[in-house]
Amino acid sequence: MSQTLTSSSPQSVTNVLTTDILGLLERHKAEVASRAAAATGFVAAETELLVIIEGLTQAWPLRGDAAVEAAKQLARALRVSFG
C-alpha cells in the first residue's frame with residue numbers, strides 16, 4: 001500500500017485502499033490502451049481503441065455477439081480513419 005496503515009481510522013484505511021485501487025485501475029487501462037495501439041499499429045488511436053475495448057467489455061454480457069460485431073464495425077471504421 002502507498003501509505004502506512006498502523007493506528008489509522010477505518011475511514012482513512014478505506015481512503016488509502018480506494019486510492020490504491022484507483023491507481024492500479026488507471027495504470028492497467030493505460031497499459032491496455034498502449035498495448036492495443038502497439039498491436040494494431042495505430043499509435044495515435046490509443047483512446048479510440050480503449051473505448052472500443054471498454055465498450056465491448058461492458059456490452060458483451062448484455063448483447064453478446066451483437067456487441068462483438070459492433071466492436072468489429074468500429075474497428076473497421078477506425079482503420080479507415082487512421083489507416
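Each reported figure results from applying straightforward, stated rules to the coordinates on display, with no laboratory input. No experiment lies behind these values; they were computed from the predicted model shown. Quick reminder, even Gly has a Cβ in these numbers, built from the backbone with ideal geometry, and neighbours come from all protein chains shown.
What's the local net charge at LEU78, with K and R +1, D and E -1, over the other residues with C-beta under 12 Å away? Mind showing how you got there, number by number?
On the way: positive: LYS72, ARG76, ARG79; negative: GLU46, GLU48.
Neighbour charge sum, excluding LEU78 itself: +1.
Can you give the calculated 222 nm mean residue ellipticity of the chain, where each DSSP H run of n ≥ 4 adds -39,500 (n - 2.57) and the sum is split over every residue, rounded to the nearest 500 deg cm²/dmol? Present the calculation step by step, with values, prior to reporting the outcome.
Details: 3 runs with 67 residues, N = 83.
Here the helix-only value at 222 nm equals -28000 deg cm²/dmol.
At R0 = 22 Å, how high is the FRET efficiency between GLU54 and GLN11 if r is their beta carbon distance? Nearest 0.05 is fine. Intermediate values should be presented prior to the final figure.
Numbers: r = 30 Å, r/R0 = 1.38.
Calculated value: 0.10.
Stretch VAL80-ARG63 to full length: gain in nm at 0.36 nm per residue minus the Cα-Cα span? Can you show the working numbers first?
Working: separation 17, 0.36 × 17 = 6.12 nm, distance 2.53 nm.
This chain segment gains 3.6 nm when fully extended.
Let me know the charge dipole size of the chain about its Cα centre in debye, to the nearest 20, where only the beta-carbon of Lys, Arg (+1) and Asp, Glu (-1) is charged.
Values: 7 positive and 8 negative charges, 38 e Å.
Charge dipole, the chain, about its Cα centre: 180 debye, nearest 20.
How would region 10-82 be classified by its alpha-carbon gyration tensor: rounded, prolate or oblate, with rounded meaning a/c under 1.5 and the a/b versus b/c comparison settling the rest? Display every interim value, and only then the final one.
On the way: a/c = 4.30, a/b = 1.74, b/c = 2.47.
The shape class here is oblate.
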